[in-house]
Ligand code: PEP
Ligand code: MG
């Protein structure tokens with residue numbers, strides 16, 4: 001078995017801890033004829049009882065680790081486990097048909113699941129179906145002697161190892177105990193990687209074979225700076241990494257000294273340095289890292305965290321909390337961007353061959369105007385609590401922007417007519433993440449207030465390289481002259497119309513890209529909160545005029561990404 005793996009460094013930092021395997025358990029079984037029905041029923045009852053005490057413990061742990069609301073799902077599981085009707089059905093099935101407990105349990109549970117799931121417009125019943133499925137898996141696990149992993153029960157320091165983590169799996173990880181994670185698949189800009197950076201936990205994605213290489217309880221070193229994983233390392237390697245971790249935290253302490261300073265280049269040019277958030281809770285990191293604003297609030301997580309569409313009031317409260325929390329500093333709220341790797345079970349989107357090229361973001365919003373208008377109203381109402389900027393994602397042509405903007409204007413007029421206060425200085429912009437919009441930035445610039453470049457998507461669409469696929473992750477090339485040329489056109493076009501351009505894709509916090517972006521005249525940089533201070537510290541050492549020349553050279557003289565990297569490295573070496 002390998003004891004060293006290389007993956008994609010997705011979130012800075014070093015962690016050393018035990019493995020917690022978060023993989024799908026194998027719950028396969030055979031249908032068997034059983035003569036001793038009483039014995040089989042006893043086995044069933046015992047598994048139900050064990051499952052019940054286990055769920056009670058999980059419930060308590062989840063309440064402490066994640067809060068009372070998150071824990072309530074387990075009350076529903078306990079109700080299923082105590083439901084006499086379901087249990088009687090399973091018992092009679094064992095007796096009448098002389099079948100094993102596993103078969104009887106799954107047959108009866110699936111019958112109930114099918115029944116509840118068929119009540120399509122009853123979300124309550126849909127949830128009950130999900131509860132029964134969870135409970136059935138837990139009891140089956142006990143009957144088969146297979147462990148069912150559950151991240152909300154983690155109560156010691158671990159490194160989570162999984163094939164992949166969905167954004168909602170990642171949201172459930174408790175930072176206190178989860179010291180990092182390593183996955184088989186994923187790229188640097190997959191949303192679980194982005195969330196690791198906002199949780200400020202080290203992570204490696206796309207390691208290809210970590211789940212095959214470790215077992216529960218193995219000790220691993222996770223080096224999120226360079227993408228190395230060591231499994232059951234020897235004392236020498238451990239000592240080396242303890243030292244590297246110490247040096248990294250000293251460097252972080254150095255960066256933290258810049259928390260309250262302004263972001264200025266060596267020649268005194270001010271640059272707006274903002275942070276990206278997914279929920280109002282992330283403001284803690286934004287403030288702790290001294291960001292000057294929120295450059296991207298990914299509102300889809302509000303939808304993903306809830307069992308049904310969040311109401312206008314629920315959304316209003318979330319937006320208001322962020323605006324108030326930022327205390328007058330600018331907050332760019334992006335309207336919902338569901339699709340791609342961000343699913344919304346209750347929206348029931350059709351399975352697509354190419355979800356990133358499919359029904360996503362503004363395309364859904366324009367097709368579901370009621371849902372979109374609810375979000376727009378909540379945003380407009382919140383605007384009086386701070387400095388709101390609204391941004392539409394995945395805009396590919398001006399018609400989409402015009403339609404979205406018209407809906408916003410209509411909702412604003414309706415609210416004003418009803419006597420509701422709305423700020424009159426809300427800037428409305430778009431994300432530039434589709435090459436078609438980047439190419440026509442000079443036309444868009446006449447109609448929008450600002451651009452924010454979403455390089456995570458812009459690069460995947462320009463290079464035709466799926467951001468989730470580690471096989472093609474080498475084509476995620478932020479410094480490719482083609483990408484730099486597109487970015488330059490976007491920035492120049494906005495400036496020609498007296499507008500500004502920000503960047504909220506991961507490239508904004510990339511330390512090789514920062515000098516080039518400063519040189520291209522990017523006005524606002526928005527990144528994971530954990531990258532803010534190191535970027536401020538780098539910018540302070542850069543001369544904006546020299547960076548202009550550097551960017552010019554990168555675009556006009558370099559032909560490959562390697563040449564651009566060499567150019568930046570050469571410049572950086574002179575800084576030190
Ligand atoms: C982007 O595409 O760069 C971006 C910031 O949006 P998301 O990562 O949410 O797609
Ligand atoms: Mg995007």
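General observations
- Scanning the stretch 336-358 for residues that are part of a loop (DSSP other than H, G, I, E, B) and within 12 Å of ligand 1 (Cβ to nearest atom), we see that the one that is surrounded by the fewest Cβ atoms within 10 Å (Cβ to Cβ) is 341.
- Some residue of the stretch 164-186 being in a helix (DSSP H, G or I), away from ligand 1 (no atom under 16 Å from the Cβ) and at pLDDT 85 or above: no
- With respect to the stated conditions, residue 384 fails to be in contact with a strand residue (DSSP E or B) (Cβ under 8 Å, 6 or more places away or on another chain) and either within 14 Å of ligand 2 (Cβ to nearest atom) or in the same structural domain as residue 453 (by TED's automatic domain parsing) (or both).
- Within the stretch 3-33, being surrounded by 20 or more Cβ atoms within 10 Å (Cβ to Cβ) and part of a loop (DSSP other than H, G, I, E, B) holds for 7, 12, 13, 22.
- Meets criteria (within 20 Å of residue 263 (Cβ to Cβ) and either over 25 Å from the mean Cα position of the chain (by Cα) or within 16 Å of ligand 2 (Cβ to nearest atom) (or both)) for residue 489: no
- Inter-residue pairs, beta-carbon under 6 Å, first over 11 Å from residue 430 (Cβ atoms) and touching a residue at least 12 places away in the same chain (Cβ under 8 Å) and in the stretch 440-455, second part of a helix (DSSP H, G or I) and more than 16 Å from ligand 1 (Cβ to nearest atom), 6+ apart: 442/493
- Filter pass, residue 379 being away from ligand 1 (no atom under 16 Å from the Cβ) and not in a helix (DSSP H, G or I): no
- Among the residues making up the stretch 280-300, those that are closer than 19 Å to residue 376 by Cα and free of Cβ contacts under 8 Å to residues at least 60 places away in the same chain are 280, 297, 298, 300.
- A Cβ distance below 7 Å, combined with a sequence gap of six or more or placement on separate chains, defines the contacts here; from the stretch 348-362, residues that are touching a residue at least 40 places away in the same chain (Cβ under 8 Å) reach residues that are part of a loop (DSSP other than H, G, I, E, B) and surrounded by 15 or more Cβ atoms within 10 Å (Cβ to Cβ) in the pairs 356/340; 356/466; 362/393; 362/394; 362/395.
- Qualifying positions in the stretch 200-210 - surrounded by 24 or more Cβ atoms within 10 Å (Cβ to Cβ) and over 16 Å from residue 23 (Cβ atoms): 201, 202, 203, 204, 206
- Residue check, residue 274 buried (at least 19 other Cβ atoms within 10 Å of the Cβ) and closer than 14 Å to residue 532 by Cβ: yes
- Count of residues meeting criterion [over 17 Å from residue 456 (Cβ atoms) and touching a strand residue (DSSP E or B) at 6+ places or on another chain (Cβ under 6 Å)] in the stretch 485-505: 4
- Some residue of the stretch 506-517 being touching a strand residue (DSSP E or B) at 6+ places or on another chain (Cβ under 9 Å), in contact (Cβ under 8 Å) with a residue 12 or more places away in the chain and over 18 Å from residue 476 (Cβ atoms): no
- Residue under evaluation residue 79, criteria (1) under 27 Å from residue 152 (Cα atoms); (2) touching a residue at least 60 places away in the same chain (Cβ under 8 Å), criterion not met: (2)
- Subset tally (residues that are away from ligand 1 (no atom under 14 Å from the Cβ) and surrounded by 23 or more Cβ atoms within 10 Å (Cβ to Cβ)) for the stretch 495-519: 5
- Selected residue (only one of 436, 417 is surrounded by fewer than 17 Cβ atoms within 10 Å (Cβ to Cβ), over 19 Å from residue 272 (Cα atoms), within 15 Å of ligand 2 (Cβ to nearest atom) and modelled with pLDDT of 95 or more): 436
- Checking each residue in the stretch 394-427 for being in contact with a strand residue (DSSP E or B) (Cβ under 8 Å, 6 or more places away or on another chain) and closer than 20 Å to residue 312 by Cα picks out 404, 405, 408, 423, 426.
- From the list 291, 318, 274, the lone residue that is out of contact with any helix residue (DSSP H, G or I) (no Cβ under 6 Å at 6 or more places or on another chain), outside the structural domain of residue 169 (by TED's automatic domain parsing) and away from ligand 2 (no atom under 16 Å from the Cβ) is 274.
- Among the residues making up the stretch 469-479, those that are part of a helix (DSSP H, G or I) and either buried (at least 24 other Cβ atoms within 10 Å of the Cβ) or within 16 Å of ligand 1 (Cβ to nearest atom) (or both) are 473, 475.
- Residue that is touching a helix residue (DSSP H, G or I) at 6+ places or on another chain (Cβ under 6 Å), over 18 Å from residue 345 (Cβ atoms) and not assigned by TED's automatic domain parsing to the domain that holds residue 345, where the choices are 99, 108: 108
- Tallying residues that are within 16 Å of ligand 2 (Cβ to nearest atom) and touching a residue at least 40 places away in the same chain (Cβ under 8 Å) within the stretch 420-433 yields 4.
- For the stretch 205-245, a residue qualifies if it is in a helix (DSSP H, G or I) and without any contact (Cβ under 8 Å) to a residue 40 or more places away in the chain, and the qualifying residues are 212, 235, 236, 237, 239, 240, 243.
- Qualifying residues in the stretch 439-459 (those that are buried (at least 21 other Cβ atoms within 10 Å of the Cβ) and away from ligand 2 (no atom under 16 Å from the Cβ)) - the one farthest from residue 360 (Cα to Cα): 445
The values are calculated or read from the model by the stated rules, or taken from the named source; none is laboratory data. Keep in mind that this is a model prediction, so the values were computed, not measured. FYI the Cβ positions are ideal-geometry reconstructions off the backbone, even for glycines, and counts take in every protein chain you see.
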